[in-house]
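Structure first, commentary second.
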Amino acid sequence: MKNEILIIMPVYNEEDMIEKVIEDWLSLEINLNFKILLVNDGSKDRSKEIIEKKMSSNKKIILLNKKNAGHGPAIITGYRYGVENEYEYIFQTDSDYQFRSKDFIKLWEHCDKGFDIVAGTRKIRNDSFLRVFLSKFILRPFLFLVSGKLLLDPNVPYRLMNYNFLKNFLKQIGDKNYIAPNILMSIFSKNIKYIQVNHYKRLSGELNWKFNKLLSFGYALILEILNFAFGNK
């Protein structure tokens, strides 16, 4: 098994932010061996070209290109790569610069304390009111009813996992490409450690989902959660 950390980032049309994000994580101030895996989910802008240029000068960067299938399948692609290549720890974050590398050490300090997941919880969530409301007052209570677990930030894209746990989770979901694998992972886990991290306003791209898109995603998510929680038993 590689004594390295794999940092996974799904990428879709992030040409304005991706170079800044990569530089932020390359400057990670910690004495660890790590690689950064960028999963390009069929970006239509210059994201791929920018990443390839950064790759040419830094061997820590890995790029996987795939057809557009959405955020969830892109994350799963990254997770599968991490397990197949036997990275000891796998960390996932997003590529929109709403999280920063400086909070990583807070999670890493708990990596060897027996938790399946060490996850950030957004002290102040800088998203639209509607997204925050739906997450706190709809999703969180629903997940408690389904799983019996109080999950503080079930879908947070700032999480550290160990190889064995992630391998077992991927075995559980099989070849399915779920839209919200991090939520399902939170249900699947037996013990999560939450650490407060900073969350920043999105500076570019799609700032807020429209109501009809949120409604459609929410409906699909409810069906996905119910199927995962009860369909696999």
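The values are calculated or read from the model by the stated rules, or taken from the named source; none is laboratory data. These numbers were taken from a predicted model, which means no experiment stands behind them. When we count neighbours, we look across all protein chains shown, and the Cβ atoms used for this are built from the backbone with ideal geometry, even at glycine. Heavy atoms of the whole protein, side chains included, go into the accessibility calculation; ligands, DNA and RNA do not. Shrake-Rupley method; radii C 1.70, N 1.55, O 1.52, S 1.80 Å.
Residues that are touching a residue at least 24 places away in the same chain (Cβ under 8 Å), assigned to a helix (DSSP H, G or I) and within 18 Å of the chain's Cα centre (by Cα): does segment 195-202 have at least one? No.
The set of residues in segment 1-54 that are over 21 Å from Leu203 (Cβ atoms), among the charged types (D, E, K, R) and assigned to a loop (DSSP other than H, G, I, E, B) contains only Glu29. Taking the numbered list (1) open to solvent by 40 Å² or more (accessible area, probe 1.4 Å); (2) more than 17 Å from Phe115 (Cα to Cα) in turn, Ala180 passes all entries but (1).
For segment 124-143, state whether one or more residues are aromatic (Phe, Trp, Tyr), more than 23 Å from Ala220 (Cβ to Cβ) and in contact with a helix residue (DSSP H, G or I) (Cβ under 9 Å, 6 or more places away or on another chain). Taking every residue of segment 124-143 in turn, none turns out to be aromatic (Phe, Trp, Tyr), more than 23 Å from Ala220 (Cβ to Cβ) and in contact with a helix residue (DSSP H, G or I) (Cβ under 9 Å, 6 or more places away or on another chain). Is it the case that Asn33 is modelled with pLDDT under 95, of a type outside the set (Ser, Thr, Tyr) and surrounded by fewer than 17 Cβ atoms within 10 Å (Cβ to Cβ)? Yes: the conditions hold for Asn33.
Rundown of residues vs (1) more than 24 Å from Glu224 (Cα to Cα); (2) open to solvent by 10 Å² or more (accessible area, probe 1.4 Å); (3) not in a helix (DSSP H, G or I), yes/no style:
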site: Leu63; (1), (2), (3): yes, yes, yes
site: Ile75; (1), (2), (3): no, no, no
site: Gln92; (1), (2), (3): no, no, yes
site: Tyr97; (1), (2), (3): yes, yes, yes
site: Asp103; (1), (2), (3): yes, no, no
site: Phe115; (1), (2), (3): yes, yes, yes
site: Thr121; (1), (2), (3): no, yes, yes
site: Ile124; (1), (2), (3): yes, yes, yes
site: Leu130; (1), (2), (3): no, yes, no
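If you go through segment 64-78 one residue at a time, do you hit one that is charged (D, E, K, R) and more than 20 Å from Asn168 (Cα to Cα)? Checked against the condition, which is being charged (D, E, K, R) and more than 20 Å from Asn168 (Cα to Cα), segment 64-78 yields at least one hit.
Every condition in (1) farther than 23 Å from Tyr89 by Cα; (2) in contact with a Cys (Cβ under 8 Å, 6 or more places away or on another chain); (3) of a type in the set (Val, Ile, Thr) holds for Val118 except the one numbered (1). On the stretch given as segment 203-233, residues that are assigned to a loop (DSSP other than H, G, I, E, B) and either modelled with pLDDT of 90 or more or surrounded by 12 or more Cβ atoms within 10 Å (Cβ to Cβ) (or both) total 5.
Conditions tested, residue by residue: (1) surrounded by 18 or more Cβ atoms within 10 Å (Cβ to Cβ); (2) touching a Gly at 6+ places or on another chain (Cβ under 6 Å); (3) in contact (Cβ under 8 Å) with a residue 24 or more places away in the chain; (4) charged (D, E, K, R).
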| position | (1), (2), (3), (4) |
| --- | --- |
| Gly78 | yes, no, yes, no |
| Asn85 | no, no, yes, no |
| Ser135 | no, no, no, no |
| Leu143 | yes, no, yes, no |
| Asn155 | yes, no, yes, no |
| Lys176 | no, no, no, yes |
| Lys190 | no, no, yes, yes |
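Could we say that Lys167 is open to solvent by 40 Å² or more (accessible area, probe 1.4 Å), at negative phi and part of a loop (DSSP other than H, G, I, E, B) here? Judged against the criteria, Lys167 is not a match.
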